[in-house]
Amino acid sequence: MNTDLLADLNEHLRLEFRAAHEYLAMSIWLSAHDLPGFSVWMRQQSTDELGHANRVIEHLLDRDQAVKLPAIPEPPADWPDAVALVAHVLRNEQEVTASITALYEAAEGAGDRGAQIMLQWFVNEQMEEESSARALLGRLKLAGSTGLGLLLVDQELAAGKIPGTASSSESVPV
Ligand SMILES: [Fe+2]
Ligand SMILES: [Fe+2]
């Protein structure tokens, strides 16, 4: 594998593990703030992010390439409100999308078809993840910061009624 592409794929792991860690911290915060539906959904997002990291790791292992696990910064433990929390999720996802786009271009430049095919999955996944974060942010803004509005969105998340937020059945490669 092209050495720059290998370094960039390893570097990308940091973003997926950071997202997993931050989403887990968010899930804990949401649970402590009496939003169980939202908390369970967020916990699933965290699990999905670990699956994303594992997809990259499996690809590198399959090709006998070196994997270097990153240090993960301590996640924020507190949020002003649910809107700020989901706005942070959307920014995270946009950052991951930018990284995937750059990786895809690097794989293309290196003529690495295997990496391109692996990354294609991520291109689609990121469109879905940005879309669900935007949909959730929109619902939260409509609901406002009242208890009743938050309860409604919490129930919608628990029931998978917000577009793109139904329980994920993403398979995690092992
Ligand atoms: Fe991800
Ligand atoms: Fe994500």
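No lab work stands behind these numbers, since they all come straight from the coordinates. If you're wondering where the values come from, they're calculated on a predicted model, not measured in any experiment. Don't worry about glycine lacking a Cβ; one is built from the backbone with ideal geometry, like all the others, and counts go over all protein chains shown.
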Quick check on my filter: what residues within the range 68-83 are over 17 Å from SER99 (Cβ atoms) and surrounded by 15 or more Cβ atoms within 10 Å (Cβ to Cβ)?
PRO75, TRP79, ALA82, VAL83
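Aromatic (Phe, Trp, Tyr) and away from ligand 2 (no atom under 16 Å from the Cβ) - does that describe any residue in the range 8-19? Let's see the steps before the verdict.
Here is the first cut: in the range 8-19, the residues aromatic (Phe, Trp, Tyr) are 17.
Filter once more, so that each one left must be away from ligand 2 (no atom under 16 Å from the Cβ): none.
Checked against the condition, which is being aromatic (Phe, Trp, Tyr) and away from ligand 2 (no atom under 16 Å from the Cβ), the range 8-19 yields no hits at all.
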When only residues in the range 42-67 that are more than 13 Å from ligand 2 (Cβ to nearest atom), over 17 Å from LEU15 (Cβ atoms) and hydrophobic (A, V, I, L, M, F, W, C) count, which is surrounded by the most Cβ atoms within 10 Å (Cβ to Cβ)?
LEU61
Taking ASN92 as meeting all but one of (1) within 12 Å of ligand 1 (Cβ to nearest atom); (2) touching a Phe, Trp or Tyr at 6+ places or on another chain (Cβ under 6 Å), write down the number of the exception.
(2)
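Is there a residue being part of a loop (DSSP other than H, G, I, E, B), under 22 Å from VAL153 (Cα atoms) and of a type in the set (A, V, I, L, M) anywhere in the range 42-50?
Looking only at the range 42-50, we keep the residues that are part of a loop (DSSP other than H, G, I, E, B), and these are none.
No, the range 42-50 has no match at all.
Let's see how each residue does on (1) of a type outside the set (Ser, Thr, Tyr); (2) touching a residue at least 12 places away in the same chain (Cβ under 8 Å); (3) assigned to a helix (DSSP H, G or I); (4) out of contact with any Leu (no Cβ under 7 Å at 6 or more places or on another chain):
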position: HIS88; (1), (2), (3), (4): yes, yes, yes, yes
position: THR101; (1), (2), (3), (4): no, yes, yes, yes
position: GLU108; (1), (2), (3), (4): yes, no, yes, yes
position: GLY111; (1), (2), (3), (4): yes, no, no, yes
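Here's a check for you: in the range 89-98, which residue that is within 12 Å of ligand 2 (Cβ to nearest atom) and surrounded by fewer than 16 Cβ atoms within 10 Å (Cβ to Cβ) is nearest to GLY37 (Cα to Cα)?
Of the residues in the range 89-98, the ones within 12 Å of ligand 2 (Cβ to nearest atom) are 89-97.
Right, trim to surrounded by fewer than 16 Cβ atoms within 10 Å (Cβ to Cβ) and you get 91, 94-95.
Working: ARG91: 22, GLN94: 24, GLU95: 26 Å.
That would be ARG91.
Would you check which residues across the range 1-27 are away from ligand 1 (no atom under 15 Å from the Cβ) and either closer than 25 Å to TYR104 by Cα or free of Cβ contacts under 8 Å to residues at least 40 places away in the same chain (or both) and list them?
Within the range 1-27, the subset away from ligand 1 (no atom under 15 Å from the Cβ) is 1-8, 10, 25, 27.
If the condition is that a residue be away from ligand 1 (no atom under 15 Å from the Cβ) and either closer than 25 Å to TYR104 by Cα or free of Cβ contacts under 8 Å to residues at least 40 places away in the same chain (or both), then MET1, ASN2, THR3, ASP4, LEU5, LEU6, ALA7, ASP8, ASN10, SER27 are the ones that fit.
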Counting only residues that are within 14 Å of ligand 2 (Cβ to nearest atom), under 16 Å from LEU15 (Cα atoms) and crowded, with 16+ Cβ neighbours inside 10 Å, how many does the range 105-133 have?
5
Search result, residues across the range 48-85 that are away from ligand 1 (no atom under 16 Å from the Cβ), in contact (Cβ under 8 Å) with a residue 24 or more places away in the chain and closer than 18 Å to SER132 by Cα:
ALA82, VAL83, LEU85
